[in-house]
Amino acid sequence: MNVRPHRYAARVRWTGGASGPAVDYATYSREYVVEIDGKPPLRGSADAHFRGDRTLHNPEDLLVAALSACHLLSYLAECTRAGIAIIAYEDDASGEMTLIDGKIHFREVMLRPRVAIVEPARIDEAMALHERAHAECFIANSVNFPVHHDAAVTSAQPA
């Protein structure tokens with residue numbers, strides 16, 4: 001398979017400087033903005049545990065969200081290729097960071113996708129496609145910690 005490199009770019013700008021220079025760890029602003037050409041800006045901060053603004057997105061939230069979204073998109077691709085009609089998909093993902101070898105690292109991320117498909121006879125097949133989606137997820141393939149999934153698939157009729 002011949003795959004060309006895909007390049008992504010983001011501009012991250014510290015906006016906390018508007019509150020004054022960063023001179024004291026306890027008081028400087030952790031606020032920043034992520035700018036990606038052609039997309040709305042994303043305001044972020046450090047996690048509240050690290051003296052950030054709890055009302056803004058933090059890098060840890062965004063990593064968990066990226067893993068969840070990547071699994072979603074990989075799963076939808078696998079299901080549509082297999083001819084399985086998806087009605088709904090929702091994931092309550094979570095990640096855990098802890099001290100490992102003297103540094104804080106993500107220990108794991110758990111994805112909990114809840115999927116509804118049209119055909120009840122294909123539930124087992126749809127469940128199995130979570131493994132293929134996981135194996136194909138670009139983000140999960142790029143991290144150095146386990147990404148688990150505890151999936152559930154049910155059947156429903158389109159609204």
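Looking at Ile123, Ile87, Ile104 in this structure, which one is assigned to a strand (DSSP E or B), without any contact (Cβ under 8 Å) to a residue 40 or more places away in the chain and of a type in the set (A, V, I, L, M, F, W, C)?
Answer to the check: Ile104.
I need a count of the residues in region 60-101 that are at positive phi and either modelled with pLDDT under 95 or among the β-branched types (Val, Ile, Thr) (or both).
1
Of all residues in region 126-148 being outside any helix (DSSP H, G or I) and surrounded by 14 or more Cβ atoms within 10 Å (Cβ to Cβ), which is farthest from the chain's Cα centre (by Cα)?
By that ranking, first place goes to Phe145.
I'd like to verify a number: residues in region 37-61 that are surrounded by 14 or more Cβ atoms within 10 Å (Cβ to Cβ) and part of a loop (DSSP other than H, G, I, E, B), how many?
8
Being over 30 Å from Tyr32 (Cβ atoms) and out of contact with any Phe, Trp or Tyr (no Cβ under 9 Å at 6 or more places or on another chain) is the requirement here; does Pro158 meet it?
Considered against the rule, which asks whether it is over 30 Å from Tyr32 (Cβ atoms) and out of contact with any Phe, Trp or Tyr (no Cβ under 9 Å at 6 or more places or on another chain), Pro158 comes out as yes.
Return the pair list, or none, for Cβ contacts closer than 9 Å from residues in region 10-30 that are in the same structural domain as Ala46 (by TED's automatic domain parsing) and under 17 Å from His49 (Cβ atoms) to residues that are surrounded by 13 or more Cβ atoms within 10 Å (Cβ to Cβ) and hydrophobic (A, V, I, L, M, F, W, C), at least 6 apart or on different chains.
Tyr28/Ala22; Ser29/Trp14; Ser29/Ala22; Arg30/Trp14; Arg30/Ala46; Arg30/Leu56
Residues in region 12-33: is at least one under 23 Å from Asp91 (Cβ atoms) and out of contact with any helix residue (DSSP H, G or I) (no Cβ under 6 Å at 6 or more places or on another chain)?
no
The values are calculated or read from the model by the stated rules, or taken from the named source; none is laboratory data. As the structure is a computational prediction, the values presented were derived from the model and not from experiment. Note: ideal-geometry Cβ built from the backbone for every residue, glycine included; neighbour counts use all protein chains shown.
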